Amino acid sequence: MFQRILVANRGEIALRVIRACKELGVEVVAVYSQADRNAPYLKFADRAICIGKAPSVDSYLNIPRIIAAAEVADVQAIHPGYGFLSENPSFAEICRSCSFEFIGPPHEAIRRMGLKTEAKAVAAAAKVQCVPGSDGPVVSDEDALVLARRIGYPVLIKAAAGGGGKGMRVCREEGSLLASLQSARNEADAAFKNSSVYLEKFIDRPRHVEVQILADSHGNVVHLWDRDCSLQRRHQKLVEEAPAPTLPLKVREQLGDAAVRLAKAAGYVNAGTCEFLVDSENNFYFIEVNARIQVEHPVTEMVTGIDLVKQQIRVAAGEPLPFTQNEIKTRGHSFECRINSEDPDHDFRPSAGKITAMRIPGGPGVRWDSHAEVGYSVPPNYDSLVGKLIVHAATRDEAMGTMRRALDELVIEGIHTTIPLHRRIFRNRDFIEGRVDTTWVERVLMPAKTAANAK
């Protein structure tokens, strides 16, 4: 096991990794920007090092400064968390070339799975069904027109090098294809410094189901079953749950098997997530791999009893997985609400500022993962996540009741948050009965606001 680990991230995930390290008896070094100088979680690290000014490019995305901090602190490994440099293959390669273990996949696997077109090629080799579309980046407008006619409208334009909805456009007719392509390329270039895009068939009202995988360096690969992340707004997840509701057991098993085949074909090691679209008849299509720990990992932890961050660290230290596929069972049901510092009534406008009061829910089956506390100032420079409210109970209905109660108890004052929206969601009949998809929030829950904001 490592003696000392550096956490190359901030906020909730930095605290999550710090806690895992402490429980493993590993010293932990935190890094922070000037905007996070007074972040409460820094006091839980054994050492904290400032790596630059508030802008991410000067701090959390600055590879030389993170490597310098790791050298000064004499760590053996670096945990990237999620976001920032977590899926940057060059960062993973530099870490290892500087004799720091990167707590994540090999850089070759990150590079292969980070480009969606490469990931689709790996999926095809592993005999995993993908959404029909281009075999690689669309090179010319003429090729795009021919391909779109072949697979049929509507088509989805997606950035080859990124996610989170950046560089993504739905095109429903040929007349708007070229303009949509240019817009997607421009956004992809600005977000990822890579303007490549590809086309795929747009599946109407799908569910977004993903499978958590773990792989060690000894050839063992397992899945930790599935979770549903369909409740999204502009491709940003709001609520996640495990296991995915209404999916037949046979389909869940097929999804898990497909994810394991993908991981093996990619030479994958450490934690990752295979994401799929599931249509109304439970046909599923691979879309991408997230080569990192994900925001929604707690719901999988709650139903399996497996600490994913600790497993990441143990795998990176060369330990074999301590369980086989047959030993991984799910128990009960779990939900997670992402509580963001945003105002849902005003187009999810960011709401930076000081938290003046906070009441955290408790009781059986309730978990709160957050770096925030009373007096903490949410900076305007980064992601708006304030905390994650997670519940677990014996059944989905019971878990839903626990979440409703916990949301009613949760109070955060001084800033706007998404708490009121989550309260509405958990009292909505469609959601209660599992009748949601990736378009449901904008199509059903908030259609008037969505239409007004689009004008």
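The values are calculated or read from the model by the stated rules, or taken from the named source; none is laboratory data. These numbers come from a predicted model, not from an experiment. Cβ: placed from backbone, ideal geometry, glycine included. Neighbour counts: every protein chain shown.
Please verify whether Val378 is surrounded by 15 or more Cβ atoms within 10 Å (Cβ to Cβ), closer than 26 Å to Pro40 by Cβ and either of a type in the set (Ser, Thr, Tyr) or modelled with pLDDT of 95 or more (or both), treating the condition exactly as stated.
Considered against the rule, which asks whether it is surrounded by 15 or more Cβ atoms within 10 Å (Cβ to Cβ), closer than 26 Å to Pro40 by Cβ and either of a type in the set (Ser, Thr, Tyr) or modelled with pLDDT of 95 or more (or both), Val378 comes out as yes.
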Restricting to strands (runs of 3 or more DSSP E) lying wholly in the stretch 262-375: which have 2 or more residues that are in contact with a His (Cβ under 6 Å, 6 or more places away or on another chain) and not assigned by TED's automatic domain parsing to the domain that holds Ala159? 333-340
State yes or no: is Glu101 surrounded by fewer than 16 Cβ atoms within 10 Å (Cβ to Cβ) and either not assigned by TED's automatic domain parsing to the domain that holds Lys193 or not small (Gly, Ala, Ser) (or both)? no
Being surrounded by 21 or more Cβ atoms within 10 Å (Cβ to Cβ) and closer than 14 Å to Ile425 by Cβ is the filter here; which residues of the stretch 392-409 pass it? Ala399, Met403, Ala406, Leu407
Tell me, please, whether a residue that is of a type outside the set (Phe, Trp, Tyr) and surrounded by fewer than 19 Cβ atoms within 10 Å (Cβ to Cβ) can be found in the stretch 284-304. no
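Can you pull out the residues in the stretch 227-251 that are part of a strand (DSSP E or B) and either in the same structural domain as Met168 (by TED's automatic domain parsing) or in contact with a helix residue (DSSP H, G or I) (Cβ under 8 Å, 6 or more places away or on another chain) (or both)? Even if it seems obvious, please write down each step before you answer.
Initial filter on the stretch 227-251 (part of a strand (DSSP E or B)): 227-233, 236-242.
Passing the criteria: Arg227, Ser230, Leu231, Gln232, Arg233, Leu238, Val239, Glu240, Glu241, Ala242.
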Pick out the one residue from Val391, Val436 that is in a loop (DSSP other than H, G, I, E, B), of a type in the set (A, V, I, L, M), at pLDDT 95 or above and touching a helix residue (DSSP H, G or I) at 6+ places or on another chain (Cβ under 9 Å). Val436
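Among the listed residues Ala244, Ala259, which satisfies the condition of being within 23 Å of Thr117 (Cβ to Cβ), of a type in the set (A, V, I, L, M) and buried (at least 24 other Cβ atoms within 10 Å of the Cβ)?
Values: Ala244 fails: within 23 Å of Thr117 (Cβ to Cβ).
Just one listed residue meets the conditions, Ala259.
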Checklist (1) farther than 25 Å from Arg207 by Cα; (2) out of contact with any Leu (no Cβ under 9 Å at 6 or more places or on another chain); (3) not in a loop (DSSP other than H, G, I, E, B) applied to Val444, failing item: (1)
From the list Leu224, Leu199, Leu145, Leu181, which residue is buried (at least 19 other Cβ atoms within 10 Å of the Cβ), part of a helix (DSSP H, G or I) and touching a residue at least 12 places away in the same chain (Cβ under 8 Å)? Leu181
Need the failing condition index for Lys166 against (1) in contact with a His (Cβ under 9 Å, 6 or more places away or on another chain); (2) more than 30 Å from Val391 (Cβ to Cβ); (3) assigned to a strand (DSSP E or B); (4) not aliphatic (A, V, I, L, M), just the number. (3)
So if I check each of Tyr82, Tyr60, which one is among the aromatic types (Phe, Trp, Tyr) and crowded, with 22+ Cβ neighbours inside 10 Å? Tyr60
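Mind checking which strands (runs of 3 or more DSSP E) fall wholly inside the stretch 27-84 and carry at least 1 residues that are among the aliphatic types (A, V, I, L, M) and within 22 Å of the chain's Cα centre (by Cα)?
On the way: elements: 27-33, 47-52, 77-79.
Passing ranges, in order: 27-33, 77-79.
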Checking Gly219 against (1) assigned by TED's automatic domain parsing to the domain that holds Gly332; (2) surrounded by fewer than 20 Cβ atoms within 10 Å (Cβ to Cβ); (3) assigned to a strand (DSSP E or B): exactly one of these is not met. Which one? (3)
Which numbered condition in (1) assigned to a helix (DSSP H, G or I); (2) surrounded by fewer than 18 Cβ atoms within 10 Å (Cβ to Cβ); (3) modelled with pLDDT of 95 or more is the only one that Ala124 fails? (3)
